[in-house]
1. Considering only residues that are part of a strand (DSSP E or B) and either of a type in the set (D, E, K, R) or free of Cβ contacts under 8 Å to residues at least 40 places away in the same chain (or both), which ones fall in region 59-73?
2. Which residue is nearest to V245 (Cα to Cα), if the candidates are limited to region 274-296 and must be in contact with a helix residue (DSSP H, G or I) (Cβ under 8 Å, 6 or more places away or on another chain) and hydrophobic (A, V, I, L, M, F, W, C)?
3. Could you tell me whether Y151 is free of Cβ contacts under 8 Å to residues at least 40 places away in the same chain, in contact with a strand residue (DSSP E or B) (Cβ under 8 Å, 6 or more places away or on another chain) and closer than 23 Å to G202 by Cβ?
4. Report yes if I125 is modelled with pLDDT of 95 or more, within 23 Å of A95 (Cα to Cα) and buried (at least 24 other Cβ atoms within 10 Å of the Cβ), otherwise no.
5. Please enumerate the residues belonging to region 185-217 that are closer than 22 Å to Q163 by Cα and over 21 Å from the mean Cα position of the chain (by Cα).
6. Can you work out which of the residues in region 20-37 that are touching a Leu at 6+ places or on another chain (Cβ under 9 Å) and closer than 17 Å to A95 by Cβ is surrounded by the fewest Cβ atoms within 10 Å (Cβ to Cβ)?
7. Considering each of S239, S268, S262 in turn, give the residue that is small (G, A, S), surrounded by fewer than 18 Cβ atoms within 10 Å (Cβ to Cβ) and either more than 30 Å from L80 (Cα to Cα) or in contact (Cβ under 8 Å) with a residue 40 or more places away in the chain (or both).
8. Please specify each residue of region 258-306 satisfying the condition of being over 29 Å from P58 (Cβ atoms), of a type outside the set (F, W, Y) and part of a loop (DSSP other than H, G, I, E, B).
Amino acid sequence: MALILREDDVRSLLSMHDTVAVLEEAFNAQSQGMVVNQPRSRIMIPNGVLNTQAAAAPTFGVLGYKTYTAFREGVRSVVLLFSAHDGSLLAIIEAEWLGAMRTGAASALATKYLARPDAHIVGLIGAGKQAVTQLMGVCALLPALSTVLVYCRQQSVRELFCQEMSHLLNLDVRPVLTAKEAVEYADILITATTSRYPVFEGAWLKPGCHINAIGSNWAQRRELDSATIQHCSLVVTDSLEQACVEAGDLIIPANEGLFDLSEVHELSEIVSIDIPWRETPDAITLYKGVGIALEDIITAAHVYYCARQHNRGEEIQLIL
């Protein structure tokens, strides 16, 4: 019988350390051609969007897809997970927290390989749900972090966010008054916004900074200006195929003749090839996450196996 797993089940079963670990396994498997990832497809209607993305990971025993709607009223997402052995339905999983966690974990994984080992100050632009797991991710892998500087446009939102994250992470998380203050001291800079336009100037970046940009996955939107892209000695994404369609942060400067998309590396390459990817201590690196199905399906598989082990979820009998 299949399991229905609710948001509460996912939250209780999924840790950030485990999410990073299973994604590292997944990207290593991808580098060996052992998984299949299908880029996101979108059906657009006047008042919303239906998004679908699918992946198969036979060595992990699963295949499936995540589908979600994005309307003014909110985003609603679900993963359908199937057995790679006989095609049976394993689980229907509510996927809001799952999606946020895998996004934070993918950024954390990129940070592990690309950031300076002595990084201790994080700058964060954005204070929404994705910002929470972005901070959780980098803090889980980099215990030497000491300070987080947070900017978003609404003062009350950023102050509350900092209070809650200071308590959650036992870390000095401070609100700042401008985006520049969040950027200019950052060893690791995270952008997690819904902005259509750049949220900081590339000239503000500190030498040696690593950037995780995850807010935009539309070709016409970007959080990073073209100067930022030109400052980067290494640009990495989770799927180059998908980024060439969705990552406005990269597409727009490429269309301006200021950046060559063929220079972008994939995260699977970074985690599987044991070389020093950072050229110099002062090099600026970028991870542009677009959010791919492989991340969703491998994370969902982990949640499903944990649910079976801990007797969580509601069993249902279906013909599928």
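1. Scanning region 59-73 gives K66, T67, Y68, T69, A70, F71.
2. V290
3. So Y151 fits the description; yes.
4. no
5. Y185
6. N37
7. So the residue among S239, S268, S262 that is small (G, A, S), surrounded by fewer than 18 Cβ atoms within 10 Å (Cβ to Cβ) and either more than 30 Å from L80 (Cα to Cα) or in contact (Cβ under 8 Å) with a residue 40 or more places away in the chain (or both) is S262.
8. Scanning region 258-306 gives L258, D260, P276, R278, E279, T280, P281, D282, A283.
The values are calculated or read from the model by the stated rules, or taken from the named source; none is laboratory data. All of these numbers come straight from a predicted model, not from anything done at the bench. All Cβ positions, even for glycine, are placed from backbone atoms using ideal geometry, and neighbour counts span all protein chains on display.
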